[in-house]
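Take a look at the structure set out below.
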Amino acid sequence: MQDEPNKLVKELAAEKYKYGFTTDVHTDIIERGLNEEVIRLISEKKGEPDWLLEFRLNAFRHWQTMEMPRWAHLDIPEIDYQAISYYAAPKTRKDGPKSMDEVDPELIKTFNKLGIPLEEQMALSGVAVDAVMDSVSVKTTYKDALIEKGIIFCSISEAVREHPDLVKKYLGSVVPYRDNFFAALNSAVFSDGSFVYIPKGVRCPMELSTYFRINAANTGQFERTLIVADDDSYVSYLEGCTAPMRDENQLHAAIVEIVVMDRAEVKYSTVQNWYPGDAEGKGGVYNFVTKRGNCKGVDSKLSWTQVETGSAITWKYPSCILTGDNSQAEFYSVAVTNNFQQADTGTKMIHLGRNTRSTIISKGISAGRSQNSYRGLVRVAAKADGARNYSQCDSLLLGDKCGAHTFPYMDIHNETAVVEHEATTSKISEDQLFYCTQRGIPTEDAVGLIVNGYAKEVINKLPMEFAVEAQKLLAVSLEGSVG
Amino acid sequence: MLEIKDLHATINGKEILKGINLTVKTGEVHAIMGPNGSGKSTLSNVLVGHPAYEVTKGSVMFNGKDLLALSPEDRSHEGLFLSFQYPVEIPGVSMVNFMRAAVNEKRKYMGQEPLSASEFLKLMREKRAVVELDNKLANRSVNEGFSGGEKKRNEIFQMAMLEPKLSILDETDSGLDIDALRIVAEGVNKLKTPETSCIVITHYQRLLDYIKPDIVHVLYKGRIVKTAGPELALELEERGYDWIKAEADTADR
């Protein structure tokens, strides 16, 4: 049932990349630095209502009282927040390379290994393409299908204009601006992002994806996503894409908020492949993300699946608050670090309602000189009778200069809770690799085979086509890590 | 098929092979016997290109190609197969995916199209029968949780899948009970054709009761010290290695 429209959408999406970017090209950039003036200017440029400006200003004032968190197992260089421009308008095409000849050959090699079509490669690396802006019809095709069902899927800026009541009701309801340093920063300066609303009783007929939302081309470094699934609804949402994303913004601080009402189900899948820096550890994106969902309704269900291969630093804990009785939450994660990458990632499962269940499957893969940490919290509140959690955290090491760490926290206030935790650490041995090469499988492919076998449980949770791409991505991310 | 000349090899700087000369012709079965630590496993590892060993001298030609210049995977593609003494477990990687990668890599090397899923599964079924390998095993992760006998059968199954020109069986009989030994040996015999050759490395005569060698060599202290017909294996079974050791040590002086 679901396959056909998906295929269509993917085809359309691919089409769209051919012609690339939004027509809406700003050329103005606000001066560097962050103060109330800048925030007023951002809000004004976006034509926002007063309540949103107020939200931003409150967040900013609170942010000023906060300090950057230092508890993660990460070595984070000083970040000068006054040296960043907070309204960097989308790049004009003139800035980009003129042809594929000017693009880094290493990047092209990776594109080819991932099997990304040339047109898409051009769009991704920012090559100036003679744009035939035919994309309007494409956009309408899938939009019509959604509108018919009453589904809202648009940029958050558009949602503020078109559906202010919904945005006002839910924005900051799961991740308040006071939540943490980066959440406060995002709330003050968020650039754009996606808004999804699935009405009561509606199953979204296709996977929703930022990948094919035209204006997602430049949501910028402070992305904000809000998803609301009303009673008895279902949606599967995909974020990111497997192609390596170059970005001149080093600091990324996104927020994703998800609200799941009675008997509704949301699946949120991420493939994160921001520029990880070079083999010597120079450059790369700092990714500080706050993702959280509230299983607000009874029998509601939220599932996070993430494949994290990019970024120089990843600080990310997609979490679930299990408010509704009998609600369920899942977290499936593969985090790969190579060279000098650092990742501190995991989840929080906060059990508030009765008979709530959560599952955590985390697979860390470290290579090179990277550091890879799982950090997870399972909290069972006093009233959460019959809560259950199962956690499994596995680490796989390639080589002997990398690190894998596990920081599981448990905070249990109800004696009927059943909480299980399992952890393993293993290593790809030279003997395993040699066994493969003796059978004719080259070392790099052998690593891909072994790593994909190890991560299978998580990869299987991804939507089919995404899963195939993710498999290739895992192998490519670890190239050069052995031998 | 295989021509080894004055082969010297070291591991961690220690010389294990001290001038091996060996010629295996097409269609022949050679047995290499010898006491523990004589260099039998080193020889097989060096031939398939294990990175822990370093060749310090000598040459190996394999069907007219300089074997030592080839990568381990290309040696495999050229038709060299090692049945490991201790097959490793690879958790999470199913036998199906593993063999499919191996078979298709070889096909790629030969300039052939990869097998389709159904062609491949048919091939799996066919070859599984050679060593009576259970379907359940074929669906598990590579060697994971296999018994000693199942691991060795799995090696011969892989040999059947890859159809090598030269197979090296490194102590394939070790750890096998008599029934498993028979199944494995019969599997090897079924795969034997006039176009393929085989090197059987073993301590004992009992495997050679099933797999009949044309020529038997004794390896001692990194050299081949004696070469004769199949009767040599029987003699060793009866008399042990001491007399050969004594002969060789005397010759050394």
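Considering the range B:75-84, the residues that are facing another protein chain (nearest Cβ under 7 Å) and in contact with a Ser or Thr (Cβ under 8 Å, 6 or more places away or on another chain) include one that is nearest to B:Asp170 (Cα to Cα), namely B:Leu82. Residue selection: A:Ser333 satisfies the criterion of being touching a residue at least 12 places away in the same chain (Cβ under 8 Å) and touching a helix residue (DSSP H, G or I) at 6+ places or on another chain (Cβ under 7 Å).
In the range B:122-130, is there at least one residue being more than 10 Å from every other protein chain (Cβ to nearest Cβ), in contact (Cβ under 8 Å) with a residue 60 or more places away in the chain and of a type in the set (Val, Ile, Thr)? Steps first, answer last, please.
Of the residues in the range B:122-130, the ones more than 10 Å from every other protein chain (Cβ to nearest Cβ) are B:122-130.
If we keep only those that are in contact (Cβ under 8 Å) with a residue 60 or more places away in the chain too, we end up with B:130.
Then drop every residue that is not of a type in the set (Val, Ile, Thr), which leaves B:130.
Within the range B:122-130, one or more residues are more than 10 Å from every other protein chain (Cβ to nearest Cβ), in contact (Cβ under 8 Å) with a residue 60 or more places away in the chain and of a type in the set (Val, Ile, Thr).
Could we say that A:Tyr454 is crowded, with 17+ Cβ neighbours inside 10 Å and either in contact (Cβ under 8 Å) with a residue 24 or more places away in the chain or in a strand (DSSP E or B) (or both) here?
yes
Given the condition within 14 Å of chain B (Cβ to nearest Cβ) and touching an Asp or Glu at 6+ places or on another chain (Cβ under 6 Å), answer yes or no: does some residue in the range A:450-466 qualify? No, every residue in the range A:450-466 fails to be within 14 Å of chain B (Cβ to nearest Cβ) and touching an Asp or Glu at 6+ places or on another chain (Cβ under 6 Å).
Is there a residue in the range A:17-26 that is more than 23 Å from the chain's Cα centre (by Cα), among the hydrophobic types (A, V, I, L, M, F, W, C) and at pLDDT below 90?
The first filter runs over the range A:17-26 and keeps only residues more than 23 Å from the chain's Cα centre (by Cα), leaving A:18-19, A:23-26.
Now drop any that are not among the hydrophobic types (A, V, I, L, M, F, W, C), which leaves A:25.
Cutting the leftovers down to at pLDDT below 90 gives us A:25.
The answer is yes; a qualifying residue exists.
Kindly indicate whether B:Gly149 is more than 10 Å from every other protein chain (Cβ to nearest Cβ) and surrounded by fewer than 16 Cβ atoms within 10 Å (Cβ to Cβ). Criteria not met by B:Gly149. Scanning the range B:154-170 turns up no residue that is more than 14 Å from chain A (Cβ to nearest Cβ), surrounded by fewer than 22 Cβ atoms within 10 Å (Cβ to Cβ) and either in contact (Cβ under 8 Å) with a residue 24 or more places away in the chain or out of contact with any Phe, Trp or Tyr (no Cβ under 9 Å at 6 or more places or on another chain) (or both).
Looking at the range B:58-74, which of the residues that are within 8 Å of chain A (Cβ to nearest Cβ) and not acidic (Asp, Glu) is nearest to A:Glu430 (Cα to Cα)? This residue is B:Pro72.
For the range B:10-24, the set of residues classified as within 14 Å of B:Glu54 (Cβ to Cβ) and within 18 Å of the chain's Cα centre (by Cα) consists of B:Leu17 only. Note on the range B:128-146: among residues that are assigned to a helix (DSSP H, G or I) and modelled with pLDDT of 85 or more, the one that is surrounded by the fewest Cβ atoms within 10 Å (Cβ to Cβ) is B:Ala129. Of all the criteria given as (1) within 24 Å of B:Pro51 (Cα to Cα); (2) crowded, with 19+ Cβ neighbours inside 10 Å; (3) within 14 Å of chain B (Cβ to nearest Cβ), the one not satisfied by A:Asp445 is (2). Report whether or not B:Pro72 is more than 30 Å from B:Leu234 (Cα to Cα) and of a type outside the set (D, E, K, R). Yes.
Scan the range A:331-367 for residues that are hydrophobic (A, V, I, L, M, F, W, C), in a loop (DSSP other than H, G, I, E, B) and modelled with pLDDT under 95 and jot them down.
Within the range A:331-367, A:Phe340, A:Ala367 qualify.
Just one of (1) surrounded by 22 or more Cβ atoms within 10 Å (Cβ to Cβ); (2) assigned to a loop (DSSP other than H, G, I, E, B); (3) at pLDDT 95 or above fails for A:Ala243. It is (3).
Step by step: first the residues of the range A:275-295, then only those that are part of a loop (DSSP other than H, G, I, E, B), touching a Gly at 6+ places or on another chain (Cβ under 6 Å) and not aromatic (Phe, Trp, Tyr), then the one that is surrounded by the most Cβ atoms within 10 Å (Cβ to Cβ). Which residue is that? Outline the logic, then answer.
First, the residues of the range A:275-295 that are part of a loop (DSSP other than H, G, I, E, B): A:275-285.
Retained after the next criterion (residues that are touching a Gly at 6+ places or on another chain (Cβ under 6 Å)): A:275-277, A:283-284.
Going one step further and asking which of them are not aromatic (Phe, Trp, Tyr), we end up with A:276-277, A:283-284.
Numbers: A:Pro276: 26, A:Gly277: 20, A:Gly283: 11, A:Gly284: 20.
By that ranking, first place goes to A:Pro276.
If you go through the range B:13-57 and keep only what is touching a residue at least 40 places away in the same chain (Cβ under 8 Å), within 14 Å of chain A (Cβ to nearest Cβ) and part of a loop (DSSP other than H, G, I, E, B), you end up with just B:Ala52.
Of A:Gln471, A:Gln438, which residue is crowded, with 16+ Cβ neighbours inside 10 Å, within 11 Å of chain B (Cβ to nearest Cβ) and modelled with pLDDT under 90? If you could, list the steps in order and put the result at the bottom.
On the way: A:Gln438 fails: modelled with pLDDT under 90.
The match here is A:Gln471.
Could you look through the range A:401-435, keep only residues that are part of a helix (DSSP H, G or I) and touching a helix residue (DSSP H, G or I) at 6+ places or on another chain (Cβ under 9 Å), and pick out the one that is farthest from the other protein chains (Cβ to nearest Cβ)? Give the derivation first.
At the first step, the residues of the range A:401-435 found to be part of a helix (DSSP H, G or I) are A:430-435.
Applying the additional criterion that residues be touching a helix residue (DSSP H, G or I) at 6+ places or on another chain (Cβ under 9 Å) yields A:432-435.
On the way: A:Gln432: 5, A:Leu433: 9, A:Phe434: 6, A:Tyr435: 5 Å.
In this case the residue turns out to be A:Leu433.
Does A:Ala382 qualify as being surrounded by fewer than 22 Cβ atoms within 10 Å (Cβ to Cβ), under 25 Å from A:Thr323 (Cβ atoms), in contact (Cβ under 8 Å) with a residue 60 or more places away in the chain and away from chain B (no Cβ under 14 Å)? Step through it out loud before you land on a result.
On the way: surrounded by fewer than 22 Cβ atoms within 10 Å (Cβ to Cβ): yes; under 25 Å from A:Thr323 (Cβ atoms): yes; in contact (Cβ under 8 Å) with a residue 60 or more places away in the chain: no; away from chain B (no Cβ under 14 Å): yes.
So A:Ala382 does not fit the description; no.
When you check A:Val266 against the structure, is it modelled with pLDDT under 95 and not hydroxyl-bearing (Ser, Thr, Tyr), yes or no? Answer is no for this residue. Any residue at all in the range B:98-117 that's in a strand (DSSP E or B) and aliphatic (A, V, I, L, M)? Taking every residue of the range B:98-117 in turn, none turns out to be in a strand (DSSP E or B) and aliphatic (A, V, I, L, M).
Counting only strands (runs of 3 or more DSSP E) that sit completely within the range B:178-245, those holding 1 or more residues that are touching a residue at least 60 places away in the same chain (Cβ under 8 Å) and basic (Lys, Arg) correspond to B:223-228.
Okay, residues lined up against (1) under 23 Å from B:Tyr53 (Cα atoms); (2) surrounded by fewer than 18 Cβ atoms within 10 Å (Cβ to Cβ); (3) at pLDDT 95 or above:
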position	(1), (2), (3)
B:Asp173	no, no, no
B:Ala180	no, no, no
B:Thr193	no, yes, no
B:Leu207	no, no, no
B:Pro213	no, no, no
B:Ile224	yes, no, no
B:Leu232	no, no, no
B:Glu235	no, yes, no
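The values are calculated or read from the model by the stated rules, or taken from the named source; none is laboratory data. Computed from a predicted model, the values in this text were never measured in an experiment. Glycine gets a Cβ as well: all are built from the backbone with ideal geometry, and neighbour counts include every protein chain shown.
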